[in-house]
1. What would the Debye formula give as log10 I(q)/I(0) at q = 0.16, 0.21 Å⁻¹ for the alpha-carbon point model of the stretch 235-285, no solvent?
2. Provide Rg and Dmax in Å for the stretch 32-107, with only Cα atoms included in the calculation.
3. Quick check: pseudo-label points 7 Å beyond the Cα along Cα→Cβ at ARG239 and SER175, how many nm apart are they?
4. Based on the mean of other beta carbon atoms within 10 Å per residue, what is the order of 31-39, 133-141, 298-306, most packed first?
5. How much of the pair distance distribution for the stretch 284-352 lies past 18 Å, counting alpha-carbon pairs only, in percent?
6. Counting other C-beta atoms within 10 Å, and keeping those with at most 14, which DSSP coil trypsin sites (Lys or Arg not before Pro) do you find in the stretch 155-234?
7. Using only the alpha carbons, work out the radius of gyration and Dmax of the stretch 109-168 in angstrom.
8. Is there a quick way to get the dipole size of the chain? I mean about its Cα centre, with the Cβ of Lys and Arg at +1 and of Asp and Glu at -1; what is the value in debye to the nearest 20?
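Taken together, the values in this text are just the output of simple stated rules run on the coordinates, not laboratory data. Model, not experiment: these values are computed from the prediction. Reconstructed Cβ throughout: ideal geometry from the backbone, glycine too, with neighbour counts over all protein chains shown.
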Amino acid sequence: MPAPDFLTTLTEFAPARLRGLPARFEAQKIAFGPVVFQCVRVAWKSGLLALLDAAGKAGASVEALAAQNSLSEYAISVVLETALSAGVVRREGEHYSLTRIGDNVLHDEMTQINIDYVHDVCYQGLFALEASLREEKPLGLKALGDWPTVYEGLPELPEPARASWFKFDHYYSDSAFAQALPHVFARKPRRLMDIGANTGKWSLHCLRHDPEVRLTLLDLPVQLAQARVTLENAGLLPRADLHPIDILDFDAPFPAGMDAVWMSQFLTCFSLTAIGHIFRRAAECLAPGGSVWVLDTFWDRQRHDIASYCLINTSPYFTAIASGNSKMYESSAIVASAEAHGLRLAETVDDLGISHSLLRFERTA
């Protein structure tokens, strides 16, 4: 007699009003989500999924897998049974094999970057999410180190958190840089300011793209130290000005006379109040005819639901670990803030890179 499926088992003992409702099964997936995440991650990292991939459609038994893996038969059975419940593997008789979901975990770069980021950067800190939400402070950051926000601590993040953070950040931001460059340089800016320059990757793209442009990089001193190395190694530092600044010092002006002001995946690091002050200073520093460019992944401008899902669920990281009061925003919130602080939306370009939108603002007359 075949074993009952999971949905039948879950609904059999439910109150009458819930029996047969798939919603109850979905609710249990939420309840056990962290357990499933860890088991699937172990199945990937320990090499079990790779062994099943090599075994092909015939699959492999727990005993056969244990003969090729450092985990015991007991450990393998625990991990693979959870993976089975999540649809990552299938089982026929005593043999497990990989499903299309498991194939994505094993081979898809985005999936792997997201798993590493959630585990290495977010997982322990999210235990403090409720307290962080109430106090609007990144209380979960203590799991990684003792800094006011994650940005001051980036150069000192312990491994593997540091590597996973930068992989996640660069994977999503770098994908749109090449497509954004022609839009920004169509207006031939001579002085361009990169706010939140991070490791200097965007500035590097700009300096290589146009030999006449001069870059001003704004960021915390610890970040500019990394950007300096990036530009020095490329021989491009002479055309760059490094301007240390605490963006949250709202009285600190931005260097004036800019033809273009660039912010890539930067505003998500701040509250709407802080974003307003950033836009105000950006508008004030523009030269006549200058533009403010915002490149970001807005969850309301995605072509696919899965992209919106990933972006929305990145917001709790900003609460518990990054800053305590920022998130992944809808584009309408960013546009409204800009328009309330001396700018107007002049142009929107969607579908750059993986899931980015590029907004161009001009100073209000």
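1. Reported log10 I(q)/I(0), two decimals: -0.52, -0.85.
2. So, for the stretch 32-107, Rg and Dmax equal 10.8, 30 Å respectively.
3. 2.9
4. Final packing ranking: 133-141, 298-306, 31-39.
5. 49
6. ARG187, ARG190
7. 11.6, 35
8. The calculation lands at about 540 debye.
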